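> Structure in structure tokens, see below.
The values are calculated or read from the model by the stated rules, or taken from the named source; none is laboratory data. Predicted model only: the values in this text are computed from it and were never measured. Positions of Cβ are backbone-derived with ideal geometry, glycine not excepted, and every protein chain shown enters the neighbour counts. The area values use the complete protein model at the heavy-atom level, side chains included, leaving out ligands, DNA and RNA. Shrake-Rupley method; radii C 1.70, N 1.55, O 1.52, S 1.80 Å.
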Amino acid sequence: MASDIIAIYPGSFDPLTNGHVDIIQRGSGLFDRIVVAMLVNIEKAPLFTVAERVEIAREVFGRYPNVEVDTFDGLLVEYARRRKASVIVRGLRAISDFEYEMQMALMNRHLNPEVETVFMMPAEPYTYVSSRLVKEVVALGGSVTNLVPAVVEARLREKKHARETLKA
Ligand SMILES: Nc1ncnc2c1ncn2[C@@H]1O[C@H](COP(=O)(O)OP(=O)(O)OP(=O)(O)O)[C@@H](O)[C@H]1O
Ligand SMILES: [Mg+2]
């Protein structure tokens, strides 16, 4: 349908956290389709490959008919144009997210005024959750149960085990 509202939720999702899951669920209720778009960023050294991140998100959202998982590189607004998306979804955890997010939203509006950025707040227990912190906690031997989907927790444990075996 031409009038369907398609939203893109871009990020690195390295790995997917329950904060991301919360935002995706909200978006799936709000828009006809939400595309979780993993940024293929060659400069960053990710913990999970893009293929692994896609696999994880598909596993978590397999039962959601209007959630799609895809990858992109280059300009986000160009990708949005290609996907016929009129909305970019971003999550806001705290004031610290605000300045960067506002700059990005206004730059994207400058580049393509037809795409609107929509911000959503996660449920309170996820306001302090970030992928970076989750990786740090796991690397130091802490538990991230309830902060990430079970499949992510299992994969983080596998990675840690693989690295420790390599070191030994
Ligand atoms: N816990 C959360 N609650 C709400 N939004 C979130 C949460 N974590 C991330 N987001 C939002 O999801 C989008 C994609 O973020 P990103 O992939 O950078 O995750 P991240 O957790 O911030 O990862 P990193 O720590 O590597 O920056 C951004 O809009 C970010 O603000
Ligand atoms: Mg981030």
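> With θ taken as phi - 60° and the coefficients 6.51, -1.76 and 1.60, list the Karplus ³J(HN,Hα) couplings across segment 108-123 in order, rounded to whole Hz; mark glycine and proline as x.
Ordered by residue, 3J(HN,Hα) equals 5, 5, 4, 6, 8, x, 7, 9, 9, 8, 10, 9, 10, 9, x, 4 Hz.
> Given the options Met121, Met102, Met38, state which has the largest fluctuation in a GNM of the chain using a 10 Å cut-off (strictly under) for Cα springs.
The residue that fluctuates most here is Met102.
> In addition: Apply the a/c threshold of 1.5 to the C-alpha gyration tensor of segment 1-115 and tell me whether it is rounded, prolate or oblate. Provide the component values of the computation, followed by the final result.
Details: a/c = 1.35, a/b = 1.08, b/c = 1.25.
Since a/c stays below 1.5, the shape of segment 1-115 is classed as rounded.
> Given only helices, namely DSSP H runs of n ≥ 4 each adding -39500 (n - 2.57), what is the per-residue ellipticity at 222 nm of the chain, to the nearest 500 deg cm²/dmol? Numbers along the way, then the final one.
Details: 6 runs with 76 residues, N = 168.
After summing the helix terms and dividing by residue count, I get -14000 deg cm²/dmol.
> Looking at the chain only, what percent of DSSP beta bridges run antiparallel? Nearest 5 please.
Numbers: 0 of 20 bridges.
The antiparallel fraction comes to roughly 0 percent.
> Report in % the part of the accessible area of segment 119-168 that belongs to carbon and sulfur, leaving out ligands and nucleic acids; probe 1.4 Å.
Working: 2030 of 3400 Å².
Accessible surface attributable to carbon and sulfur in segment 119-168 totals 60 percent.
> Could you tell me how far the Cα centroid of segment 1-39 sits from the Cα centroid of segment 90-168, in Å?
Taking the Cα centre of each part, segment 90-168 and segment 1-39 sit 14 Å apart.
> Within 10 Å of each candidate Cβ there may be at most 15 other Cβ atoms; applying that plus a DSSP loop requirement, which GluC sites (Glu not before Pro) in segment 27-112 survive? Walk me through the numbers on the way to the answer.
Details: sites: Glu43, Glu52, Glu55, Glu59, Glu68, Glu78, Glu99, Glu101; in loops: Glu43.
For GluC sites (Glu not before Pro) across segment 27-112 that sit outside H, G, I, E and B with at most 15 neighbouring Cβ atoms in 10 Å, the list reads Glu43.
> Determine the share of segment 1-61's accessible area contributed by carbon and sulfur atoms, expressed in whole percent, with a 1.4 angstrom probe. Present the calculation step by step, with values, prior to reporting the outcome.
Values: 1500 of 2840 Å².
Of the solvent-accessible surface of segment 1-61, carbon and sulfur hold 53 percent.
> Taking the solvent-accessible surface of protein heavy atoms with a 1.4 Å probe, what is the per residue accessible area of the chain in Å²?
Details: 10000 Å² over 168 residues.
For the chain, the per-residue accessible area is 60 Å².
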